[in-house]
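Colleague: Quick one: this structure, given as structure tokens, is what I'll be asking you about.
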Amino acid sequence: MRLAPLIGPDLEDAIASGPQAVREAVSEIHPEDIAELLEDLSTKEAVLLVRALPTEMAADVVERLSPHRQVLVFNRIDMGRASELLAEMDPDDRVDLLQELEEEDAAALLAALERREPEAAEEARDLVHYSPETAGGRMTTQFISLPPDTTVAEAMASARKLGRADVAEMLYYIYVSQPTGELTGVVSLRDLILAEPTQPLSEIMTDKVFAVNTSDDQEQVAHAIARYDLAALPVVDDHGRMLGVVTVDDVVDVVIEEATEDAQMMGGVVPLEDSYFQTSWAEFVWKRGSWLVLLFVAQLLTATVIDRNQAVLASAVELVLFIPLIIASGGNAGSQSSTLIIRAMAIGELTPADWAKVLGRELLIGLSLGVALGLIGFARGWFAGQSVDPAALATAIGASVLAIVTLSTMIGSLLPLLIKRVGLDPAVSSTPFIASVVDVLGLVVYFSVAQVILFSIF
């Protein structure tokens, strides 16, 4: 249930009354709900709200805002307040914000942060160089790492001290590293509590630690956390030195982002950078229109195919009745296959290297579906024949459906694998794209089969 419509008016009144009224109005509200409320406010009201909130709460709220709204707020608050909020934010959220700002604005904000928190500024400069869609771009440097000879009692004391100082974003694991920084093991908080106080970490740690490199894609990180059921995943450099962790809450964001992007691309829309209401009219026209124009041009080929087969249609006008059937059968079959394959690749079930297995499986499935649909088409074609022999028309319809469904199923399954192989997002082979391809192919097959059966065999 959204709270914004319920308490939004009261909050607007509080903003008009002054900072103290704002603090009282939101004192019992969760930061996530405040962020939701802030998204619905005007930019002026949002800035006033951020200015009025206590620094720690304001930073927590800002972390939960959409990138678009974050930029709007930070561009309208004074540099002192902006650097104050930036210093309170978690390292990964801090870097995400800096990457969203214009280069000049980010540089000025970093300079202000350096005057306030030099260590935080240096850390941000190190992290900002990583791509936002990699493990390095998603990681936080807030973790606890201790030498292998540290006793359980010493580790517990360090965890309490660092946890209270907010050094660790999520205190689920203690990582064990060599003095040179190489990651050698991990100890869960549960194992730490159950161990004897005098035991060294080297005796209770798990030395088979799964880690990712800073350059690994964020989807790979999400798959690893889900596969190994982890709350956080260590990130190392090329030498095995631990640099940070990616926490499960960040992975949830990744999953949502990737699922949204794939859904938009599979719907024939260039992925949006902002939410629906925050996307401008011009951007919508461009991102939706570019695909529509491409698909429209592709569909023009169907008119070309029909035009070149007017003689066939003139000889058997009943063929016109089944053109929508042919197009729909191929498009639906191809879209089903592409959707399943894209999803399987997204969750790591298969890779382009599995193309032979996929081909064999989809060929069998396509033939089975083609036979079933072909028999239905055969039956319908039998009762439609008037200017041509009903048996000939029925055979042409049934054979065409069989061939088109089989071919479309194979194309729909192999095309995403091919696109992935060349380094592109397989979601590019969206449902509209597949449908456009198989529409043209289907008509070619349809008229070819019809010409052979109607005018050569019968």
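Colleague: Give me the net charge of I326's neighbourhood, meaning all other residues with Cβ under 15 Å from the Cβ of I326; Lys, Arg count +1, Asp, Glu -1.
Modeller: Once positives and negatives cancel, what remains is -1.
Colleague: Moving to a separate point now. Could you point to the residue in S337, V320, F378 farthest towards the positive end of segment 281-457's charge dipole, with +1 and -1 charges on the Cβ of Lys/Arg and Asp/Glu respectively?
Modeller: S337
Colleague: Hey, another quick one. Could you calculate the FRET efficiency of V248 with N213 from 1/(1 + (r/R0)^6), where r is the beta carbon distance between them and R0 is 25 Å, rounded to 0.05?
Modeller: My answer for the efficiency is 0.85.
Colleague: Name the shape class, rounded, prolate or oblate, that the alpha-carbon gyration tensor gives for segment 145-247, where a ≥ b ≥ c are the square roots of its eigenvalues, rounded holds for a/c under 1.5, and otherwise prolate holds if a/b is larger than b/c and oblate otherwise.
Modeller: Judged from the Cα gyration tensor, segment 145-247 comes out prolate (a/c at least 1.5, a/b above b/c).
Colleague: May I ask you to list the aspartates and glutamates whose Cα is less than 17 Å away from that of K357, ignoring any residue fewer than eight positions away on the same chain?
Modeller: E349
Colleague: Hey, got the dipole for the chain? About the Cα centre, +1 on K and R Cβ, -1 on D and E Cβ, debye to the nearest 20?
Modeller: I would put it at about 2400 debye.
Colleague: In addition: Could you tell me what percent of the DSSP beta bridges with both partners in the chain are antiparallel, to the nearest 5?
Modeller: The antiparallel proportion sits near 80 percent.
Colleague: List the lysines whose Cα lies under 23 Å from the Cα of K44, skipping any in the same chain that are fewer than 8 positions away.
Modeller: The qualifying lysines are none; the list is empty.
Colleague: Then there is this: Give the peptides 35-43, 252-260, 214-222 in descending order of average Cβ contacts within 10 Å, highest first.
Modeller: So the peptides 35-43, 252-260, 214-222, ranked by packing, come out 214-222, 35-43, 252-260.
Colleague: Arranged from highest to lowest average of other beta-carbon atoms within 10 Å per residue, in what order do the peptides 289-298, 326-335 appear?
Modeller: By packing density, highest mean first, the sequence is 326-335, 289-298.
Colleague: Right, something else. For the chain, what does -39500 (n - 2.57) per DSSP helix run (n ≥ 4), summed and divided by total residues, give at 222 nm, in deg cm²/dmol to the nearest 500?
Modeller: -21000 deg cm²/dmol
Colleague: Taking percent of Cα pairs over 45 Å apart as the quantity of interest, determine which of [x] 34; [y] 38; [z] 10 was computed from the displayed structure.
Modeller: [x]
Colleague: Pick out, from A195, V401, Q70, the residue whose Cα sits farthest towards the positive end of the charge dipole of the chain, with +1 on the Cβ of Lys and Arg and -1 on the Cβ of Asp and Glu.
Modeller: The residue sitting farthest along the positive end of the dipole is V401.
Colleague: Can you give me the Kirkwood hydrodynamic radius for segment 281-457, using every pair of distinct Cα atoms, in Å to one decimal?
Modeller: 17.1
Colleague: Using the per-residue mean of other Cβ atoms lying within 10 Å as a proxy for protection, in what order, highest first, do the peptides 362-375, 131-144, 300-313 fall?
Modeller: 131-144, 362-375, 300-313
Colleague: Between the helical axis of 355-382 and the dominant principal axis of the chain, each derived from Cα atoms, what acute angle in degrees is found, rounded to the nearest 10?
Modeller: It is inclined by approximately 40 degrees.
Colleague: Sorted from fewest to most neighbouring beta carbons within 10 Å, what does the list W281, W355 look like?
Modeller: W281, W355
Colleague: Okay, moving on. Among Y446, Y172, which comes first, then next, by fewest other beta-carbon atoms within 10 Å?
Modeller: Going from sparsest to densest Cβ surroundings: Y172, Y446.
Colleague: Here's something else I'd like to know. Pull up the cross-link candidates among the lysines for K287, meaning alpha carbon to alpha carbon under 26 Å and not fewer than 8 places away within one chain.
Modeller: Leaving aside lysines fewer than 8 places away in the same chain, those within reach of K287 are K420.
Colleague: Another question about this same structure. Fewest to most neighbouring Cβ within 10 Å: what's the order for M57, M79?
Modeller: M79, M57
Values quoted throughout were computed directly from the atomic coordinates according to the rules given, and no laboratory measurement underlies them. Here the structure is a predicted model, which is why all the values come from computation and not from measurement. No Cβ is skipped: glycine too gets one built from the backbone with ideal geometry, and neighbour counts run over all protein chains shown.
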